Amino acid sequence: MVKVKLVKDLGETNEITFKIHGEYLTLDESISIKEGEEYRLVLKRGIFYLKSKHEEQQINGSFQLIPNVYDTEHYITINDKPYLGVVEFLQEKNSYIRPVNQLPLEDYLKGVVPFEVFPAWSLESLKAQALAARTYAFIQMNQDMDDTIKYQVYGGFSWDKKTTQAVEETKGEIITFENKPIPAFYSASNGGITESNANVWGGDPKVYYPVKIDPFDPVQPWEFMLHRNQLQIEGIDWDHPTAWDDLVEMDDRIAGTMKSYLKKNGYLGEIKIVGITHLAIDEDTNASGRTKKGSVTVEFFHRLFDGTIMLEQFKLEDVNINKIRPMIGGDIFRSYLVDSLEEKDDFYIMKGRGYGHGVGMSQWGASVMGERGKSYKAILQHYFPETEIMEIGEIK
């Protein structure tokens, strides 16, 4: 069985709606739930309130919904999204509702694979993804997993026929090394060369995560432009009531990521990015050609809670590049396989290849291998050399 927190679509909220399809039980006999009726679950001052058109019930502690029979005819829709199995509603940080979905591993995977790759890919590519996802989930089962990219993207009971077939035809199979499951990392694209786990996360390099040319990965080139000056600050009338709100950064998407980053690093209050006065990457690269270090300096206005506005600076000098990429955003600064960084006039242009850390399986590379007639076992052997496929039941 797998437990997964539902975070991706809900965020932090103190109210959700749900419906049950089929008969469900609760651990509290005083709570009555009717099929097809819409309910609102509200968390207020540490107490759950269950509301429908006809009544309101108070719930002390957590709240659990358990299907009378586990099958695809019994499911719960939470904010219109369906989930099989048990759902427990917990309090998080004493302020938010956090549903936790519990269901069998194989059915969890049927809600993962179509959200991690394109279901239109070849069946063998989908099988390779199913094994990577199953192996990863098997190792993480005792962790506090959620439904985001931090673990694996999980879409609930929103299955696809072809990916479901891939899961069912590989039921129970996982990737192992010396009779133990491996973490089975994967990313969208390695940019044409795989990466060592040691280069990304440190520790000892694993033989099944080598640095090697990947002839199947379609490279996935990327580039982005970032303005050096984000705000035009000359002539601002700070006495005007809308002066602060009128400040809009040139690159609002990247600026938004930078603001979130700064807030996580202790800058409370409101922030406006004034400019990126310095951005550089070290010419020294690791064995896979990926950038190791870089520097960045960000200037920003910081409005404190009392209304005071300060011009501040956040500086990272010659640090691991993995500290800089989150400031820009992983969906923009897509990998550490950087080909060039140029400063022209008032902006920076960075170009690179790949999407993700590059360790283990390239999902796009696996799709190309499947299109060329390679079996899922050949795909996995290419991306996880010296490993074996075993049944979960064979693991001691």
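Before we move on, is Leu341 surrounded by fewer than 18 Cβ atoms within 10 Å (Cβ to Cβ) and either modelled with pLDDT under 95 or more than 27 Å from the chain's Cα centre (by Cα) (or both)? No, not satisfied.
You will find that of Lys51, Lys93, the residue that is open to solvent by 50 Å² or more (accessible area, probe 1.4 Å) and either out of contact with any Leu (no Cβ under 9 Å at 6 or more places or on another chain) or closer than 30 Å to Tyr186 by Cα (or both) is Lys93 and no other.
Selection of segment 285-306 for residues being among the charged types (D, E, K, R) and either part of a strand (DSSP E or B) or at pLDDT below 95 (or both) yields Lys292, Lys293, Glu299, Arg303, Asp306. Candidates are the residues of segment 217-238 that are modelled with pLDDT under 90 and under 19 Å from His302 (Cβ atoms); the one that is most open to solvent (accessible area, probe 1.4 Å) is Gln232. Considering segment 116-129, the residues that are touching a Lys or Arg at 6+ places or on another chain (Cβ under 9 Å) and in a helix (DSSP H, G or I) include one that is surrounded by the fewest Cβ atoms within 10 Å (Cβ to Cβ), namely Leu123. Before we move on, is Tyr39 at pLDDT 95 or above and of a type outside the set (A, V, I, L, M, F, W, C)? Spelling it out, it is not the case that Tyr39 is at pLDDT 95 or above and of a type outside the set (A, V, I, L, M, F, W, C). Candidates in segment 54-64 are the residues that are closer than 19 Å to Thr13 by Cα and touching a Leu at 6+ places or on another chain (Cβ under 9 Å); of these, the one that is modelled with the highest pLDDT is Gln64.
The residues of segment 239-252 that are over 15 Å from Val298 (Cα atoms) and either under 26 Å from the mean Cα position of the chain (by Cα) or loosely packed, with under 14 Cβ neighbours inside 10 Å (or both), listed by number, are Asp239, His240, Pro241, Thr242, Ala243, Asp245, Asp246, Val248.
The residue pairs whose first member lies in segment 67-90 and is within 17 Å of Asp146 (Cα to Cα), whose second member is open to solvent by 10 Å² or more (accessible area, probe 1.4 Å) and in a loop (DSSP other than H, G, I, E, B), and whose beta carbons are closer than 6 Å, counting only pairs six or more residues apart or on different chains, are Pro82/Phe157; Tyr83/Phe157; Leu84/Phe157; Glu88/Ser62; Leu90/Ser62. Only one of the numbered conditions (1) open to solvent by less than 50 Å² (accessible area, probe 1.4 Å); (2) part of a loop (DSSP other than H, G, I, E, B); (3) modelled with pLDDT of 90 or more is not met by Val4, and that is (2).
The values are calculated or read from the model by the stated rules, or taken from the named source; none is laboratory data. Computed from a predicted structure; not experimentally measured. When we count neighbours, we look across all protein chains shown, and the Cβ atoms used for this are built from the backbone with ideal geometry, even at glycine. To get the accessible areas, we keep the full protein, side chains included, count just its heavy atoms, and leave off ligands, DNA and RNA. Shrake-Rupley method; radii C 1.70, N 1.55, O 1.52, S 1.80 Å.
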